[in-house]
1. Among residues belonging to the range 365-380 that are among the polar types (S, T, N, Q) and modelled with pLDDT under 90, point out the one that is surrounded by the fewest Cβ atoms within 10 Å (Cβ to Cβ).
2. Scan the range 178-236 residue by residue and report those that are aromatic (Phe, Trp, Tyr), within 22 Å of LEU291 (Cα to Cα) and surrounded by fewer than 21 Cβ atoms within 10 Å (Cβ to Cβ).
3. Mind checking which pairs have a first residue in the range 195-221 that is at pLDDT 80 or above and a second that is surrounded by fewer than 13 Cβ atoms within 10 Å (Cβ to Cβ), Cβ under 8 Å, 6 or more apart or different chains?
4. Does LEU55 fit the bill of being at pLDDT 70 or above, under 18 Å from THR131 (Cα atoms) and buried (at least 16 other Cβ atoms within 10 Å of the Cβ)?
5. For the range 307-325, which residues satisfy the criterion of being buried (at least 24 other Cβ atoms within 10 Å of the Cβ) and among the hydrophobic types (A, V, I, L, M, F, W, C)?
6. Just checking: which of the strands (runs of 3 or more DSSP E) contained wholly in the range 237-352 hold 2 or more residues that are within 29 Å of ASN82 (Cα to Cα) and touching a residue at least 24 places away in the same chain (Cβ under 8 Å)?
7. Quick check: anything in the range 341-362 under 25 Å from GLY128 (Cα atoms), of a type in the set (Ser, Thr, Tyr) and modelled with pLDDT of 90 or more?
8. Looking only at the range 237-251, count how many residues are surrounded by 20 or more Cβ atoms within 10 Å (Cβ to Cβ) and hydroxyl-bearing (Ser, Thr, Tyr).
Amino acid sequence: MGDGAAPGPPGEAAPWRLRLAALLALTAFLAWALSACLVGLDAERTRDDGGPLGLPDRLHNPGWLTPDNDEGPRGRAAVVMNGSQFPYVGLGDTNAAALVGPGGDRMTERQGRDEWHPGEDLLLSPDGTRTVSPAGRSGYAASVDVQDLRTGRHREVPMPGAAPADGEFVPSGWSVLAWMPDGDGLVLAGPAGGLGVLDLATGTFQRVADHAAGLVPGSAVAVRGDGRRIAYVVEGQLVVVDVADGWTALQATLPPGAQLGGKAAWSPDGESVAVSVPSGPPPARRWTFRLVDASTGALRPAAFPTVGDAVTLRAVGWRAGDRVVAIAYRPEDYATQPTDTDTGFAVVRRADLVEVTAGASSARTLLRPPWQTLAMDVAQQAAASGLTFTSPDPPPVHLGRATSAVVGLASAALLLAVLRRLVLLLARLLDGPAASPVTTPVVAISD
């Protein structure tokens with residue numbers, strides 16, 4: 001039916017309704033596409049200004065098809081997290097993680113493993129500028145991958161004793177436990193309880209201890225702020241060793257079930273080490289931070305509030321006034337916990353970021369991530385600063401700057417054309433059928 005035609009008889013109303021519904025649906029879709037492109041262009045403009053790093057004001061799932069950091073680095077990350085509901089290449093993915101920083105969101109590369117835990121399999125540097133993870137599918141890889149989040153560049157660093165074979169390094173049994181505070185080295189655990197420090201600048205390795213068996217990434221070791229001493233827990237004993245010569249500065253018995261308090265277990269003054277003491281049956285336990293004097297091994301009187309309903313509690317930073325920022329791993333309903341340190345996805349339902357202050361009556365929730373965010377790591381500087389930044393809204397679909405501009409212009413042009421068509425159609429429908437002209441027959445009169 002042409003543009004000048006009016007709606008037909010009542011029996012022809014259905015086609016007009018279908019046409020109207022189609023135009024309305026197309027209008028809504030084009031408006032959504034245009035808004036998505038505008039949000040995408042705004043997100044692409046966001047950059048890390050290099051100022052003091054804080055925590056995001058909120059956490060959200062990354063947008064659909066969020067690119068990985070290799071495609072467009074966005075600067076430092078304050079938080080890295082993942083879970084079973086993250087849209088990546090169109091699907092929920094548990095072996096890639098979202099990097100959240102003042103410059104916007106990006107994803108890590110996919111790792112090819114069913115479970116991959118930020119804070120354990122991927123470690124965020126204290127200043128949030130780099131990540132490190134095993135260069136392979138096993139934690140005991142022959143080398144580690146260090147990525148600079150500001151440039152997107154990767155660097156492969158061989159592990160100690162990883163001899164090359166056929167162009168590749170052969171694993172030697174060492175794994176990464178933690179970053180050194182200055183970001184220039186990594187703490188490694190190796191065969192037969194070995195513990196050492198790998199210098200990233202020179203590639204040299206220094207063995208520190210030989211009796212640190214059973215350490216796992218996540219909360220296994222904590223390095224003092226000056227980088228001179230390392231604390232860890234083994235067989236119920238808190239051990240503090242000197243990095244320079246391996247001298248055991250402290251070995252103290254802990255309360256039953258106590259764990260090292262996390263990667264940020266050292267107090268800012270370097271005089272105490274926080275340990276997490278549980279109560280109640282796993283996995284929904286109650287945890288309390290206790291401070292151990294790093295010189296004498298005595299428990300200090302600082303009284304921290306108890307954090308309940310947690311698989312474990314790990315410190316990721318300290319703030320002024322004995323305020324500890326920690327990750328509380330919330331247990332899945334009806335889950336069983338094979339070991340006290342197990343934070344597998346079958347055990348955890350969510351990872352919350354909380355602040356635990358000495359003398360307070362309860363912990364304060366700083367960040368509650370989306371449902372099914374199962375693992376998290378936080379840059380220590382971001383946790384300690386007390387600052388926050390506005391987390392940019394993720395675009396519904398990440399298309400990139402050029403694609404967003406082209407699709408946005410095309411959507412705007414089509415939207416204007418469809419709106420014009422819709423206005424014309426509505427005007428005709430409101431006018432109703434055109435009145436037929438009245439004609440007077442001409443009768444020829446003959447004589």
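1. Out of the qualifying residues, it is GLN372.
2. Within the range 178-236, none qualify.
3. LEU198/THR204; ALA209/THR248; ASP210/ALA192
4. Taking the combined requirement at face value, the residue satisfies it.
5. The initial filter retains those residues of the range 307-325 that are buried (at least 24 other Cβ atoms within 10 Å of the Cβ), namely 310-317, 324-325.
Once the filter is applied, which keeps residues that are buried (at least 24 other Cβ atoms within 10 Å of the Cβ) and among the hydrophobic types (A, V, I, L, M, F, W, C), the range 307-325 yields ALA310, VAL311, LEU313, ALA315, VAL316, VAL324, VAL325.
6. Because the criterion is at least 2 residues that are within 29 Å of ASN82 (Cα to Cα) and touching a residue at least 24 places away in the same chain (Cβ under 8 Å), the strands (runs of 3 or more DSSP E) in the range 237-352 that meet it are 272-279, 285-293, 307-310, 312-319, 323-331.
7. yes
8. 0
The values are calculated or read from the model by the stated rules, or taken from the named source; none is laboratory data. Keep in mind the model is a prediction, meaning the values are calculated, not measured. Here the Cβ is made from the backbone with ideal geometry for all residues, glycine too, and neighbour counts use every protein chain on show.
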